[in-house]
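**Student:** The structure that follows is given in the form of structure tokens.
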Amino acid sequence: MTSTPTLTPPAPALGDGRRMVPLTIEPGLTCLRGLSPRRLRFEVEYGLERGTCANSFLFDAGTTDAGEPAPPLLVHPPGDTFTTPYLEMLEELVDPSAPLTVVVGVVNPNRIVLLHRLASHWPGLRLIASNAGARVLRELWGRPAHSAAAGAGDEPPPLPPIEVIRGEQTRAMGHGLRLRMIPAPTPAGPGG
């Protein structure tokens, strides 16, 4: 079954033009696209074109084909640059009392800032990462956040439970969807 992606009205842009646009890919699966009209630091470093986008994907809460409950699951949240518009959009889509699960593929200090904010907003937050990713998460988590979105030196919330994926795994999601997770090497982070 194929669906045509639908565009939901974007969230209002921040003063610098950053905003989030939700795109429905399938019933129960939404792409959360962060847009910025300016080149952000990593694009300048790599000499890329004008503007920046960051995509993450939200599987809505639902029931699996086997009748099991499937909580909302977020794949690849953005880094700190989109924290404010991202959290505003996510709060519209996922109740903060819901047990949100986040698949973290890229782990770096920039991403940890947003994960700190997610853990503060969603007390039932759970993380999924590769073994290497979980190691870097544990190493970076206790460091104070340093961003415009969080106050400098804010004490981080407790580290949420981490489910370590050691091999390829397929997970049944709500709305008849499946998520296939394949651990990949994590670029060298703290401690190599």
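The values are calculated or read from the model by the stated rules, or taken from the named source; none is laboratory data. Nothing here was measured: the structure is a model prediction, and the numbers come from that model. Note that each Cβ is placed from the backbone with ideal geometry, even for glycine, and that neighbours are counted across all protein chains shown.
Residues checked against (1) hydrophobic (A, V, I, L, M, F, W, C); (2) at pLDDT below 90; (3) in contact with an Asp or Glu (Cβ under 7 Å, 6 or more places away or on another chain):
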| site | (1), (2), (3) |
| --- | --- |
| Gly151 | no, yes, no |
| Leu159 | yes, no, no |
| Ala172 | yes, no, yes |
| Leu179 | yes, no, no |
| Pro183 | no, yes, no |
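**Student:** Okay, moving on. Only one residue in Leu100, Leu58, Leu29 is modelled with pLDDT of 95 or more, under 11 Å from the mean Cα position of the chain (by Cα), among the aliphatic types (A, V, I, L, M) and more than 23 Å from Pro156 (Cβ to Cβ), so which one is that?
**Tutor:** Leu58
**Student:** Does any residue in segment 67-86 that is within 19 Å of His175 (Cβ to Cβ) come within less than 9 Å, Cβ to Cβ, of a residue that is hydroxyl-bearing (Ser, Thr, Tyr) and in a loop (DSSP other than H, G, I, E, B) six or more places away or on a different chain, and which pairs are these?
**Tutor:** Ala70/Thr64
**Student:** Can you pull out every residue in segment 71-88 that is over 24 Å from Arg178 (Cβ atoms) and over 12 Å from the mean Cα position of the chain (by Cα)?
**Tutor:** Thr81, Thr84, Pro85, Glu88
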